[in-house]
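K.L.:
Structure in structure tokens, see below.
The values are calculated or read from the model by the stated rules, or taken from the named source; none is laboratory data. Please read these numbers as outputs of a predicted model, since none were measured by experiment. Reconstructed Cβ throughout: ideal geometry from the backbone, glycine too, with neighbour counts over all protein chains shown.
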Amino acid sequence: MIELRSLGKEYGEGDGKVVALRDISLTVADGEIFGIIGLSGAGKSTLVRCINLLERPTSGEVVIDGRSMTELSRAELLQMRHSIGMIFQGFNLLEQRTVLRNVCFPLEIVGVKRADAEKRARELLKVVGLEERAGAYPSQLSGGQKQRVAIARALATKPKYLLCDEATSALDPNTTQAILDLLKTINRTMGVTIVVITHEMRVIDQICDRVAVIDHSRIAEMGEVREVFTNPRSQIARELILPGSKKINGELGGRLVRIVFDGERSSKPVISSIVMECQVPVNIMFADTRDLDGTAYGHMIIQLPDNERESERVLSWLRENEITYKEEG
């Protein structure tokens, strides 16, 4: 289990001091996929680097499996880091090494025999689907393949925890989905606890069990992904979940309703059903939805008519059909 207790991180002193993290407290349970989301500059990357003490906190405590990381000796900290893998947005592969030798690298550092290291590396390349690219160099790989190599390398020392710092932000949507599927498989089959740092809510709602929303160096809200996704309490969470939608709030006469798709059958014609069955016209003001294996995820904001009776007819229909919604504004 990972515990952060009143964590703080500052850079510089006096008038030039920058507060990157302020009073961060959270717990990541063994076996879960925990997301940390925020805008650029919110402090999320600093936070994840404090977990393995790549950045040493100014205040507070990082406790992993009951051990305070800040109280460990250098030798103990290095040993502890063997149980914490990390992958980055920029992949950080060694260009002069083949794929196989990149995955072997952390094993070489801890003194594993070459034959044993290569055996482990080949096993992991099979897990990430790159066993046939063992002799290739990073320059010969696509972005998605590079990230798969980075994941295999992070798993080389059989870590209990995997920290992912914007691991998919440099990838196209299809490749991102493939990497997320791979991380879910690793979590399920290997029991690795995963911490995901991202600025994209679509990453969080596809892979994470719980999420912490960080804003201006503090945690704005935290909870189950479904709860935060359907009922965001903080302004920053609303902006992350509904990017670009805030400009329509308050500018229209009719009531605004946000329909949440969090696992409905994607073939279900919600809007056309409202119009046909309720005999009520509605305007689609904002939509961010996607199909994943036949189920729909995302949000849609519709404007109801000014007529109160017609609006209530639509809301009643949504309730009867067990469709999650929330009035906006």
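K.L.:
For residue 8, indicate whether it is assigned by TED's automatic domain parsing to the domain that holds residue 180, within 20 Å of the chain's Cα centre (by Cα) and closer than 30 Å to residue 241 by Cα.
P.N.:
no
K.L.:
Considering only the range 176-183, I want to know if a residue exists there that is assigned by TED's automatic domain parsing to the domain that holds residue 52 and more than 18 Å from residue 130 (Cβ to Cβ).
P.N.:
Checking the range 176-183: not a single residue is assigned by TED's automatic domain parsing to the domain that holds residue 52 and more than 18 Å from residue 130 (Cβ to Cβ).
K.L.:
May I pose another question? Of 185, 198, 193, which residue is at pLDDT 90 or above and farther than 21 Å from residue 3 by Cα?
P.N.:
185
K.L.:
Just to check your reading of the model, which residue among 40, 6 is exposed (fewer than 12 other Cβ atoms within 10 Å of the Cβ) and not β-branched (Val, Ile, Thr)?
P.N.:
Going through 40, 6 in turn, the sole match is 40.
K.L.:
Turning to a different aspect of this structure: Report, by residue number, each residue of the range 209-224 that is of a type in the set (A, V, I, L, M, F, W, C) and either surrounded by 21 or more Cβ atoms within 10 Å (Cβ to Cβ) or out of contact with any strand residue (DSSP E or B) (no Cβ under 9 Å at 6 or more places or on another chain) (or both).
P.N.:
211, 212, 213, 214, 219
K.L.:
Looking at the range 50-82, which of its residues are over 17 Å from residue 163 (Cα atoms) and among the hydrophobic types (A, V, I, L, M, F, W, C)?
P.N.:
Of everything in the range 50-82, those that are over 17 Å from residue 163 (Cα atoms) and among the hydrophobic types (A, V, I, L, M, F, W, C) turn out to be 72, 75.
K.L.:
What residue, among those in the range 7-23 that are outside any loop (DSSP other than H, G, I, E, B) and without any contact (Cβ under 8 Å) to a residue 40 or more places away in the chain, is nearest to residue 57 (Cα to Cα)?
P.N.:
11
K.L.:
Now, a different point. Quick one: which of 81, 49 is basic (Lys, Arg) and without any contact (Cβ under 8 Å) to a residue 60 or more places away in the chain?
P.N.:
When all the criteria are applied, what remains is 81.
K.L.:
Based on what the data block shows, is residue 99 within 26 Å of residue 146 (Cα to Cα), surrounded by 13 or more Cβ atoms within 10 Å (Cβ to Cβ) and under 25 Å from the mean Cα position of the chain (by Cα)?
P.N.:
So residue 99 does not fit the description; no.
K.L.:
So, in the range 117-132, exactly how many residues are in a loop (DSSP other than H, G, I, E, B) and under 14 Å from residue 98 (Cβ atoms)?
P.N.:
Number satisfying all stated conditions: 1.
K.L.:
Show the residue pairs that are 6+ apart or on different chains and have beta-carbon atoms under 9 Å apart, the first residue being within the range 90-117 and more than 24 Å from residue 168 (Cα to Cα) and free of Cβ contacts under 8 Å to residues at least 40 places away in the same chain, the second being among the aromatic types (Phe, Trp, Tyr) and part of a helix (DSSP H, G or I).
P.N.:
Hits for this filter: 117/105.
K.L.:
For residue 281, are the conditions met, namely being at pLDDT 85 or above, part of a loop (DSSP other than H, G, I, E, B) and either touching a strand residue (DSSP E or B) at 6+ places or on another chain (Cβ under 8 Å) or surrounded by fewer than 19 Cβ atoms within 10 Å (Cβ to Cβ) (or both)?
P.N.:
yes
K.L.:
Quickly run through the range 63-87 and pick out the residues that are within 23 Å of residue 190 (Cα to Cα), surrounded by 18 or more Cβ atoms within 10 Å (Cβ to Cβ) and hydrophobic (A, V, I, L, M, F, W, C).
P.N.:
Selection gives 64, 84, 86, 87.
K.L.:
Can you tell me which condition residue 272 does not meet? The list is (1) among the polar types (S, T, N, Q); (2) modelled with pLDDT of 70 or more; (3) under 30 Å from residue 215 (Cβ atoms), and all the others hold.
P.N.:
(3)
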